[in-house]
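First comes the structure, then the notes that go with it.
The values are calculated or read from the model by the stated rules, or taken from the named source; none is laboratory data. This is a predicted model, so every value here is computed, not measured. To get the accessible areas, we keep the full protein, side chains included, count just its heavy atoms, and leave off ligands, DNA and RNA. Shrake-Rupley method; radii C 1.70, N 1.55, O 1.52, S 1.80 Å.
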Amino acid sequence: MTKHQLTLHRRLHRDVYISRGTDLSPLIRAQAASTWGGPDGVLAGFSAAAVLGSKWIDDHAPAELIRSGSRRSVPGITVHADTLLPGETVIRAGMRITSPARTAFDLGRWLNHDHAVEVLDALCAATGLSPDQILQVIADHPRTRGNKRLRNIIRLLDAGAQSPPETRTRLSSSGPDSHDRRPRSKCATAGTMWSPPAISAGRNGARQWSTTACTIG
């Protein structure tokens, strides 16, 4: 890109620029982090959940990566030093991300208890993920810290929950020992298919982002 073209963009990360006025949604943050991370980076946590179509993600939360190279976080991107096994990554919209089950495994360990239930409810609703699939990842990482707490969280999941407030209401109605009890009701929700948003250069409101190495549009 020329210097003049760069003046129309805002620097988000090193060699990663975004069109001025573009809203920094979790998905846009994930796309930028994927470019910044390069071949060593795998979108994880909330960034992977955003690409998978999960709802209720904080627009201001930093992007998240698991990276085999440099593991130093930078402003706007949290880099995790975790081990990924074969089969725990997938490609979506040209980006490497953790699989739905691995994404749930990470978020369930990284977040506090009630927030984890809310986030995993939404992820299961978006992807059709089942508790057994998350349990299999736990079995593949038997010595990982947080596995015991994650098992309790899995027992409380309900993919039929429509929003975080609904999940919180369900948890509070279960009483003080809700960490050890299953949801009182279940309702089946079909997984939704996610398709990438349009990324173009016009003035029609579509999101656009670019780097000095390449321009997407």
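Could you list, in sequence order, the residues of segment 34-57 that are charged (D, E, K, R) and closer than 19 Å to T127 by Cα?
If we filter segment 34-57 for residues that are charged (D, E, K, R), which is where we start, we get 40, 55.
Residue satisfying the conditions is K55 alone.
Suppose we filter S99, S163, S130 for residues that are modelled with pLDDT under 95, small (G, A, S) and open to solvent by less than 60 Å² (accessible area, probe 1.4 Å); which single one remains?
Values: S99 fails: modelled with pLDDT under 95; S130 fails: modelled with pLDDT under 95.
After applying the criteria, what remains is S163.
Which of (1) assigned to a loop (DSSP other than H, G, I, E, B); (2) hydroxyl-bearing (S, T, Y); (3) modelled with pLDDT of 95 or more is the odd one out, the single condition S70 does not satisfy?
If we test S70 against (1) assigned to a loop (DSSP other than H, G, I, E, B); (2) hydroxyl-bearing (S, T, Y); (3) modelled with pLDDT of 95 or more, just (3) comes out false.
Scan segment 40-75 for residues that are among the basic types (K, R) and open to solvent by 50 Å² or more (accessible area, probe 1.4 Å) and jot them down. It would help to see each step written out before you state the result.
Taking segment 40-75 first, the residues among the basic types (K, R) are 55, 67, 71-72.
Passing the criteria: K55, R71, R72.
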